[in-house]
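Notes for the one structure printed next.
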Amino acid sequence: MELKELATIICLGAGIISLIFINYFQPLAIIPLILGLFAYLFSRWGHLYLPILQGKRNIKDKFKVEMSNSGDAIYKEKGLDYVATIYMKLDVYETMTNKTEQDILEYSSYFERVVSTIKDPIKITTIIHDKDMKSYITQIDNEKIEIENMLAKERKSKKPNPVMIEVLERKKLMWDRRLDSLYKNEIKPRAVEYIIAVSGKGTSSEAAISQAKIKAREIKSNFKGGMNINVDEMRHERLKFCYEWEYLSQEW
């Protein structure tokens, strides 16, 4: 039984008992009303009030989760076991704006193929937000400079790798097209972030975290090998951003 349910029952029980004494002392009639109000407040918003009354104001207290010492996972007790969750961000740089319908279908099929190879249950959350244009253009310029340096270095090497050169040239072309579309398009672009959550279960918090890390490595490998997408783990302050999703943990 949750703490808020227990507090609600106690308030209702005390309110019913106090009704017995109303006949002996009329001013006591206000007590059942106050206890009934508290019962309503605890039943509706007990998850907010009770942590404050206990001196707990962190959202992790609300969902009863703790962060690992390394800051790369959160865990909580679930029955007799522990469940640890790792959150990862997919670094997707591909844009569908400049792709043909056939290219979009192919890219979608790659994504579906990678997801279908993941055996464990996962959550994929999509976050859409407006981009900060100034920092976004600076980021693209930096990406272009880095790719151009890598391209120049590869071409000057004793044994240039034609496959690597082609990949780098395509990436450079992608960023060039992205910049061109940004300058021409008057509509402010929106960013799409993909966050993956995977959980592990164990008899101790260490065992649960270890299981979650094993699954996270497999997911990273699948996306890296299947779509050449980097997977960035959410750590420390970035991981705290995901606390509120924890109550939506996937089914086992």
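Things worth noting here:
- Hits in the stretch 204-242 - residues which are of a type in the set (Gly, Ala, Ser) and assigned to a helix (DSSP H, G or I): SER205, ALA207, ALA208, SER210, ALA212, ALA216, SER221, GLY225, GLY226
- Residue match in the stretch 216-229 (condition: modelled with pLDDT under 85 and charged (D, E, K, R)): yes
- Every pair of residues 6+ apart whose Cβ atoms lie under 8 Å, when the first sits in the stretch 198-220 and is touching a residue at least 40 places away in the same chain (Cβ under 8 Å) while the second is loosely packed, with under 15 Cβ neighbours inside 10 Å and β-branched (Val, Ile, Thr): GLY200/ILE214
- In the stretch 160-203, the residue that is modelled with the lowest pLDDT out of those that are polar (S, T, N, Q) and outside any loop (DSSP other than H, G, I, E, B) is SER181.
Per-residue answers, yes or no, for (1) at pLDDT 80 or above; (2) surrounded by fewer than 20 Cβ atoms within 10 Å (Cβ to Cβ); (3) over 22 Å from ALA212 (Cβ atoms); (4) β-branched (Val, Ile, Thr):
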{"position": "ARG57", "(1), (2), (3), (4)": "no, yes, yes, no"}
{"position": "SER68", "(1), (2), (3), (4)": "yes, yes, no, no"}
{"position": "TYR75", "(1), (2), (3), (4)": "yes, no, no, no"}
{"position": "TYR82", "(1), (2), (3), (4)": "yes, no, no, no"}
{"position": "TYR87", "(1), (2), (3), (4)": "yes, no, no, no"}
{"position": "ASP91", "(1), (2), (3), (4)": "no, yes, no, no"}
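- Among the candidates ILE147, ILE137, ILE118, residue that is assigned to a loop (DSSP other than H, G, I, E, B), surrounded by 13 or more Cβ atoms within 10 Å (Cβ to Cβ) and in the same structural domain as LYS220 (by TED's automatic domain parsing): ILE118
The values are calculated or read from the model by the stated rules, or taken from the named source; none is laboratory data. Everything numeric in this text was worked out from a predicted model, so none of it was measured. Neighbour counts run over all protein chains shown; Cβ positions are idealised from the backbone, glycine included.
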